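The structure under discussion appears below in the form of C-alpha cells.
The values are calculated or read from the model by the stated rules, or taken from the named source; none is laboratory data. Here the structure is a predicted model, which is why all the values come from computation and not from measurement. Virtual Cβ from ideal backbone geometry, glycine too; neighbours counted across all protein chains shown. Side chains included, ligands, DNA and RNA excluded: accessible areas come from the protein's heavy atoms. Shrake-Rupley method; radii C 1.70, N 1.55, O 1.52, S 1.80 Å.
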Amino acid sequence: MAVLLNQTSNLRVRLEILRRLSDGARTPASLEMRVSVDCYRHRPGGEHAFVPLLEVARATLLDMDLIGFLQSLEELLDGRASEAALEASVDPAIGIRLQGGPEAFLVEVGIDLLNVLEQVGGMAGDRGADLALYRFVANKRAALAFCASLIDEFGEYPTDPSAVRPGEPA
C-alpha cells in the first residue's frame, strides 16, 4: 500500500494495488486498485486513528498510466519537472497531481463520485458532474516514500510478455 501523508500528518491518500486484471494480451494491461482519502481523528475512549473520508473500493488503473506517473514523479523529485500527475482513465476516474518542490509539494486528489455515490430515485449523475477534490501539502520525504512504495507494489504485479501466447496471424 502506498501512502502519501500531508505535512501536518492529519490527512493521507492511500493507493493499494489489489490484483492484476489484464496482462495486456486481449485488453490493455491493467490493475485493480483501492484508493482512499483518510483523516486523522480522535475516537471516543482516547483512541486515535485514520478514518476514511472517501474510499473507492475498486478502480481500474492501466499499467501505462501508472508507469507514466512514476516517471514524471521521479523527474519531479529530481527537480527536472514541475509536476507529476496520475489520471486513472478508466471508471471511476481518479486523479492525483503533485507540483512544486524541491522540499514541499502541493498535492491534489480528485475523485469522480459517479461510482461512489448511490443512485437516488433510480438516477445516477453524469461522469465528471460530481467531483471531490482534496488539496494538501506534503514534504519531500513523504513524496519519496510514496514513490518508493508505488514502485515496490507495482513490481509485485509484473506483466511478463514471454507468458503471453501469440494469437493467430491476421
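Note on the range 66-110: Rg/Rh from C-alpha atoms, Kirkwood Rh, equals 1.00.
Note on residue 34 and residue 104: with the Förster distance fixed at 22 Å, the Cβ-Cβ geometry gives a FRET efficiency of about 0.20. Annotation note: GluC sites (Glu not before Pro) in the range 22-80 located in DSSP loop regions with a Cβ neighbour count of at most 11 within 10 Å are 47. The value of relative contact order for the range 1-82, using C-alpha pairs under 8 Å at least six residues apart, is 22 percent. Full extension of the chain segment joining residue 49 with residue 3 gains 15.1 nm, where the gain is 0.36 nm per residue of separation less the Cα-Cα distance. When the solvent-accessible area of the range 5-61 is split by element, carbon and sulfur atoms take up 47 percent of it, the probe being 1.4 Å.
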